[in-house]
Amino acid sequence: MEYERPAGRGEFDGRTALVTGAGNGIGRAVAVALVAHGARVAAVDRDADALKSLAEECGSAAVLPHVADVADSDAVEEVVGRTERESGPVELLVNVAGVLTTAPVTEFDDADWERIFAVNAGGVFRTSRAVARRMVARGGGSIVTVASNAGGVPRTGMAAYAASKAAAAHFTKCLGLEVGRFGVRCNVVSPGSTDTAMQRRLWDGEEPPAAVLQGDPETYRTGIPLGRIADPRDVADAVLFLLSDRARQITLHDLYVDGGATLRA
C-alpha cells in the first residue's frame, strides 16, 4: 500500500502517534498515512507478521511495532509506557482494532459477544484511558476512534458488532467532554463498507455483492449512493484531518465516511 507524502506537507513531523489494529486494513492505512506525513507510529496489533511487514514498508525508524491485545489492560499500559519512553509523548491516538462475528441474536454465542465488546469497546476504553491520562497532564492531544456506520443504523446479523461500535463512539464523545478543558480533542470516524479483509469475509466472491452497492430490502439495508466501496485510504484521510491542527476546533464529532449509505440517519 503506497501513500506518497504531498509536496511540502509534513504536518505531523516529530510527533508520536499510537495506532491500534495497525497491521491490516484501515489501521494499516492510517499508520502508513501518518508516517507519510512525518509521524513516528507505535503500531499495535496481535499479528506479529503484519507488523513486521508494516515496519519494512515504512521503515523501522518510523514504525515501532508492538504485539499486544487491546483487551488486556496490562498489555495496553505496557505499550503506552514503552512508547513514551522510547519515542516520546503520544500526541495522537487512533483506535482502530476491531473484530467481527455475524449471526442472528437468537443464535449468537456468549463468548463471541464478550470478545467483540472486549476488543471493539473495551479496547477503545483501555487505550484511550492510558493515553488520555498522559495527554491531560501535558495539556493537549488528539484522539480518533474508528467506529462504524453500523453503530448508528441497525444491521441484521450484526447486533454485537453494531452495539460495540455504538458504545465505542459514545464513549469517545464522553471522554472528549471530560478532557476538552485540558486541550484534548476526541472525535469519531464511522466508515461504511470498506475493502478490507474483514469486509471480504462477508462476501461470497472477490467483488462486493450487488446488495452492498444497490441495497437489500430483505435486510432493511440501503445501498451506497456514491456507488463504490471505500478504500481504507479514504478512511485514513478522514482520520488524519481530525487528528490535525486543521481540525483544532472540532471535538465530540462523528464523521461518517460511507458514501451516503446511512443517509445520515
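The values are calculated or read from the model by the stated rules, or taken from the named source; none is laboratory data. Just so you know, these numbers come straight off a predicted model, no measurement behind them. Note that we place each Cβ from the backbone using ideal geometry, even for glycine, and neighbour counts take in every protein chain shown.
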TODO: Please find, within region 11-51, the residue that is nearest to Phe125 (Cα to Cα) out of those that are in contact with a Lys or Arg (Cβ under 7 Å, 6 or more places away or on another chain) and either free of Cβ contacts under 8 Å to residues at least 60 places away in the same chain or of a type outside the set (A, V, I, L, M, F, W, C) (or both).
DONE: Thr16
Open item on the list: I'm told Thr101 meets every condition in (1) without any contact (Cβ under 8 Å) to a residue 60 or more places away in the chain; (2) at negative phi except one. Can you identify the failing condition by its number?
Closed with: (1)
TODO: Could you identify the single residue in Ala61, Ala22, Ala55, Ala50 that is closer than 18 Å to Ala147 by Cβ and of a type in the set (A, V, I, L, M, F, W, C)?
DONE: Ala22
TODO: Specify which of the listed residues (Val19, Val70) is of a type in the set (A, V, I, L, M, F, W, C), under 15 Å from the mean Cα position of the chain (by Cα), assigned to a loop (DSSP other than H, G, I, E, B) and at pLDDT 95 or above.
DONE: Val70
Open item on the list: Can you tell me which residue is farthest from Ala261 (Cα to Cα) among those in region 184-223 that are in contact with a Ser or Thr (Cβ under 7 Å, 6 or more places away or on another chain), modelled with pLDDT under 75 and part of a helix (DSSP H, G or I)?
Closed with: Gln199
Task: Options Glu86, Glu56; residue that is of a type outside the set (S, T, N, Q), part of a helix (DSSP H, G or I), more than 30 Å from Ala163 (Cα to Cα) and touching a Leu at 6+ places or on another chain (Cβ under 8 Å) - done: Glu86
Task: Residue list for region 98-125, restricted to those being assigned to a helix (DSSP H, G or I), more than 14 Å from the chain's Cα centre (by Cα) and of a type outside the set (Asp, Glu) - done: Val105, Thr106, Ala111, Trp113, Arg115, Ile116, Phe117, Ala118
Open item on the list: Exactly one condition in (1) free of Cβ contacts under 8 Å to residues at least 24 places away in the same chain; (2) touching a Cys at 6+ places or on another chain (Cβ under 7 Å) is false for Glu114; which is it?
Closed with: (2)
